[in-house]
Amino acid sequence: MEARDALEMARGIGADKPPRSLRSSSPRYGEKVIKYVLVACAVLSVLTTTAIVVSLLVPTIGFFEQVSFGDFFSTESWAPNLEPPSFGVFNIIVGTLSTTLWGLLVAIPVGFLSAIYLSEYASKRVRKVVKPILEVLAGIPTVAFGVFAVTFLSPLVGDAVPGFIKTPPFAAGIAGLAIGLMIVPIISSISDDAMRAVPGGLREGAYALGAGKFTVSTRVVVPAAISGIVASIVLATSRALGETMIVLLAAGKSPNLTLDPGASVQTMTAFIGTTATGDIATGTISYDTIFAVGVVLFVMTLVMNMISIRLVRKFREVYE
Amino acid sequence: MFSEMPERTRLATAGAQATVASNLQRQRGSEQLKGNIFFALLLLAVAFALIGLIALIVQSAIKGAPAFGLNLITEGPSTINPEDAGFRPAIIGSIYLILGVILLVVPIGVGSAIYLEEYADGTKWWNRLIELNVQNLAGVPSIIYGILGLAFIVRGPLDLGFILAAGSLTLALLVLPTVILASREAIRAVPPSIRDGSLALGATQWQTIRRQVLPASIPGMATGVILAVSRALGEAAPLLLVGAAQFVTFNPQPFSADGYSAMPVLIYNYALRPQDEFRVLAAAGVVIMLIVLLLLNSFAVWLRNRYEQQW
Amino acid sequence: MNSNGEEGKVESQMTAKKKSTEKALSRKIEVAERRLPSASEAVGEPVFGLEGVGVSYGGKVAVRDVSMTIGAKEITALIGPSGCGKSTLLRCLNRMNDLVPSAEVFGKCLYHGTDLYGPEVDPVEVRKLIGMVFQKPNPFPKSIYDNIAFGPKVLGLPDVEERVERALRSAALWDEVKDRLDDNAYGMSGGQQQRLCIARCIAVDPDVILMDEPCSALDPISSGKIEDLMLELKEDFSIVIVTHNMQQAARVSDKTAFLIVELDSTEENRWGQLVEYDETEKIFTNPADSRTEDYVTGKVG
C-alpha cells in the first residue's frame, strides 16, 4: 500500500513540469550589484598601494629638492634634526642591516632545524602540541619582545659578558636576538609546510635504497622543499627589516655606522618612529626626511616580498 | 640443506651473507652516529625556540607581578604615582580601535576574497594585478602603514586629524591583506563539487556562494579574522605616527580631537622610562596583552584544527 | 501509458531498423570520405538535438563534431575509453562547461528545439530544467533534509516539506532516512549519499537528469540500487548517463553512443569523437563499426 503511494507520489513529480523557457525568469539585478560591490572591495587593495606610493613619493620629491642624492647616499653622518643637518642615510641602513643580520643569525638555524624536526622526526602527538604552541606564540605583540629585550635579555647578556654592551641597555645584538625569537615561528611554520608538501613517494624511494632518516631529511626532503624554505627566510627577513618596536626599545638612537652587535644603532624604522611622534609640522625638512627613509625601507621590503612570492609560487607549481 | 649443496655454492652463499651483514652493520653504525647528532641539534633548536618564547611570558609575569591589581584596569597613567597607575584609557582606546578594525575589515576583506576566488578570471591581467597587490601589501612593514596614515588619513586627502577613527582606519588597512589572504584560503578549501552540486540545481552564483560556500568556509575565515585582529591589537608602530598620544588620562572618544591612547603604545611609553616602577608597569601591561592575545590566538588555532578536515 | 510505451517501442524498433540499413548504405560513403559517425536517430520526442557539437578548453579541442538526437523518457548512455570527452560532452548539455573560463562550445546544442547556447538563454534557467548527478557523491555539508530542501527553497518552489518527502521516496531513500532527517549527510554511506544527490536533483522537478559516472565511486550493491532507481526514474525523466562500465550501459540504457579518442598524425593533439550511436542492443550485439566491436568485446579498452 505504502509502496504504491510512494510510486504515485513519484509520478506526481514529473507531472507538473515547469514551462520550457530558457530565458531568465527575472533580470537578477541583485546578482550584478553584488558582483560590482565585491569588485569594489578588491579594487580597494590596489588603491591602498597607490595611496602608499603617492604618500611616500610626494614628500620624498620635496626632500630631494633640498638634499641631493649624493648627500643622501654618501654622507657619513646621519643627523637630520641637528643644526646643521646631515643626511647620510647609509648609517641607518647599516643599523637596520645589523639588527636584521643578528636576528637572522638566531632565527635561521633555530627555525629551519625546528621545521625539520616537526616535519620529519616529531611523532604525531608531539607535533600536535608543538606546532600550535609556536603558532600561538607568533601572535605575541612586538612591543612585548621589546620590553623583554630591554628588561631581561640586555641585563642578562650584560652580566654574562661584561663590556659587551657599549651603552647599556642598548645594543644591536640584543635587539637582533629578540627579533630572531620573534621571526622563528615564521620560518619554522612555512618551512614545515613546505617540507610536508614533499610527496611521500620521494621519501619512500630513498628509504628503499637503504638511506636513514638523517640522509632522507637532508638529502631528499630539504632539497625538494628548498624554494619554500628560502621563501620563509626571505619573508622573515622582510619582517625583520620592518620591525619597529623592538629596535625602538632595545637598539637605541645612535646612528653609528657599525655592525658590532654590542653597539647601539639607529635603524630606519626607529628613526621614523622617534621622529614622527609628536605633532611634527608638515613641509619641514624633518617631516620630508621621514618619507625619504620610508621609500628606502619600502623598496627593500618590496624586493624581499617579490622574491618570496615568486619562490612560493614556484614551489606550489611543482607539488600542487 | 646446506650439506647437500655443492661446496662452491655453499661458500659463495656464506660469503655473500657475510658481506651483506657487514654492510648493513657498518652503514647502520655511521648513519646512526650522524643521525643522533643531528637529532640532538633538532631538539636543541626546538627547545631554544620554545624556551625563548616561554621565558618571555614567564619573565613578564614575574617582572610585572608587583603591579598586579585592579588599578591596572581602573586607573589611568600617572607620572607622579606609578604605584597606582594603570591602563584604563589605553584599554578603552584599544577596544574602540579594534571594533573599528573589525567593522571595516570583515566586510571588505571577505568581499575581496569572494571576488578573487569566485568571480575573478585568474587569466586576466587586472585580476592577477589585484592578487599580486594583496600578497605584496601583506608584507609591507607596519610603520609604512603609519606613514600612509599620517600623510593620507590624518593629513592630506582625508584630513581626519589625530583622532581615534584615523588610527582605526590605519590599522584596518594594515591587516586587510592578511584577512583577504586567509579568507581566500578558507573559500578555496570548500571543494568545487559543492559549487557544482548547487549550480546544477539551478541556483544562481550568488545563491551558491551565500548559502553553500560561505557557511562552509566560516570557521576558516573566522580563524583568519581573529589572527588578523589580534595582530592589529598588538601593533604599536603605526599608531605612533597617527597620533596615539602616549599619556592620555581621560577616556578616549572615537571622533574627538583630544587624543587617544592604545595598550601597546602606553606599554612602550612606560618601558622607555628608566625608572624601574615604570618598567614594572610595562611588564604588567605586557601580561594583560599576552593574556588577551594568547586566548584569541589559541581560540583561532583551535577553531582551525577543529574544522580542518571537514571534507 | 503502458500500451503507449509498447507502441512507441515497436515504432522505435522499426525506425531503428530502417535507420540502420540507411546507415549501412551511408557508411560506405563516409568511409570513403572521413568516417564520420552516423547522425540523428530521432525516436519519439527528442529532448536534445546535437549538431556538430565540439568543446575546447583553452584552445585545445576536447571533443569534436558530435551529432546525435537524444530521446525523451529514455536512458541514453555515453561510453568510451577515458579521455574520449564523454563527460565533457555531458557537461555541455546543462552548460556546466560555462564554469570553466577557457571552455568554448561549438556547433548547435538544441534542447526541445532551442539552442542552449543561444543569446537569450540563461544558464541558470537551463540548469533548473536539466539537473546533474556527479561522479563522486557531493552532498552539501548540511542535514539530510536541508540537502534536499536547498533546491526548492532557492528556486522558490512551493510545499518544500512535501517535496523533500516525495524526492526521498522516489530515490528509494525515504525508509532508510525518515527517522534521521536532521543528521548530517556526511554520516551516510557512499551509496546513500549518491541516492541523496539524485533525490536532491529530482526535488526541483527537472526535465532531464544528467549522470556523470554516478556509480564509479560505489560498491556493486550500491551501484545495483542506483541502476534500479534509474530504470524507475526514466518513466518521468529523460536520463543521459556517462559510464565507463559497459555492462552498466548494456543493463540500463535504451540507446548507447560510443566515443573514442582520436589522435592527429603528429600524435600531439587528441580529442574525442563519436563513432557510433544506436539502440543499446545493437551496439552490444551487432555494432556497425569495427572499432565499437573491438571496444565492447574488450579487444581494446
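Structure data summary
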read-out	value
Heavy-atom accessible surface that C and B bury in contact, both chains counted, 1.4 Å, Å² to 100	1800 Å²
Local electrostatic count, C:Asp182, Cβ distance below 12 Å [Lys/Arg +1, Asp/Glu -1]	0
Degrees, to the nearest 10: A:29-66 long Cα axis against longest axis of chain A	10 degrees
Among beta bridges that DSSP assigns inside chain C, antiparallel share in %, nearest 5	60 percent
Apportionment of accessible area to carbon and sulfur, the protein assembly as shown, percent (1.4 Å)	60 percent
Solvent accessible area, Å² - A:Lys32, 1.4 Å probe, full protein context	110 Å²
Size of the C/A contact, given as accessible area buried on both chains, probe 1.4 Å, in Å²	2000 Å²
Accessible surface of A:Lys166 - all protein chains present, 1.4 Å probe, nearest 10 Å²	110 Å²
Å² per residue, accessible surface of segment C:2-296 at 1.4 Å	42 Å²
Residue-averaged [θ]222 nm for chain A, counting only DSSP H segments that reach four residues, each worth -39500 (n - 2.57)	-22000 deg cm²/dmol
Mean ellipticity per residue at 222 nm, deg cm²/dmol - from DSSP H runs of n ≥ 4 across chain B, formula -39500 (n - 2.57)	-23500 deg cm²/dmol
Angle between chain A longest axis and helix A:226-242 axis [Cα atoms, degrees, rounded to 10]	50 degrees
Tally of Lys pairs whose C-alpha atoms are under 30 Å apart, taken over chain A, 8 or more apart or cross-chain	9
Modelled FRET efficiency - R0 30 Å, A:Thr50 with A:Lys253, Cβ distances, 0.05 increments	0.35
Per residue accessible area of segment B:166-236, 1.4 Å probe, in Å²	26 Å²
Gyration tensor verdict on chain B (Cα atoms; rounded if a/c is under 1.5, prolate if a/b is larger than b/c, oblate otherwise)	oblate
For segment A:11-110: rounded, prolate or oblate by the Cα gyration tensor [a/c cutoff 1.5]	oblate
Protein-protein interface of segment A:188-226, residues with accessible area decrease of at least 40 Å², isolated chain reference, 1.4 Å probe	A:Phe214
Heavy atoms of B:Leu103: accessible area, 1.4 Å probe, square angstrom to 10	140 Å²
For residues of A:144-157, the mean tally of beta carbons on other chains within 10 Å	6
Relative contact order %, chain C, counting alpha carbon pairs below 8 Å whose residues are six or more apart	23 percent
FRET E, pair B:Phe299, C:Glu104, Förster distance 35 Å, beta-carbon r, rounded to 0.05	0.15
Estimated inter-spin distance, A:Leu209 and A:Val299, nm [label 7 Å along Cα→Cβ]	4.6 nm
The protein assembly as shown - convex hull of alpha carbons, volume per residue in Å³	264 Å³
Solvent-accessible area lost in complex, 20 Å² minimum, residues of segment B:269-294 relative to chain alone, 1.4 Å	B:Ala271, B:Leu272, B:Arg279, B:Val286, B:Leu290, B:Leu293, B:Leu294
Peptide-level mean, for A:24-32, of C-beta atoms on other protein chains within 10 Å	3
Whole-Å semi-axes of the ellipsoid equivalent to segment A:57-172 (Cα gyration tensor, √5λ, descending)	40, 21, 14
Listed peptides A:254-262, C:54-62 by packing density, highest first (mean Cβ within 10 Å)	A:254-262, C:54-62
Residue-normalised accessible area of segment A:16-144, expressed per residue, 1.4 Å probe, Å²	50 Å²
B/A buried area, accessible surface, summed, 1.4 Å probe, Å²	7000 Å²
Interface residues, segment B:108-153 - accessible area loss of 50 Å² or more versus chain alone, probe 1.4 Å	B:Tyr115, B:Tyr119, B:Ile130, B:Asn133, B:Asn136, B:Leu137, B:Pro141, B:Ile143, B:Ile144, B:Ile147, B:Leu148
Degrees separating the helix B:125-137 axis from the principal Cα axis of chain B, which is the longest one	80 degrees
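The values are calculated or read from the model by the stated rules, or taken from the named source; none is laboratory data. Source: prediction; values computed, not measured. Note that each Cβ is placed from the backbone with ideal geometry, even for glycine, and that neighbours are counted across all protein chains shown. The area values use the complete protein model at the heavy-atom level, side chains included, leaving out ligands, DNA and RNA. Shrake-Rupley method; radii C 1.70, N 1.55, O 1.52, S 1.80 Å.
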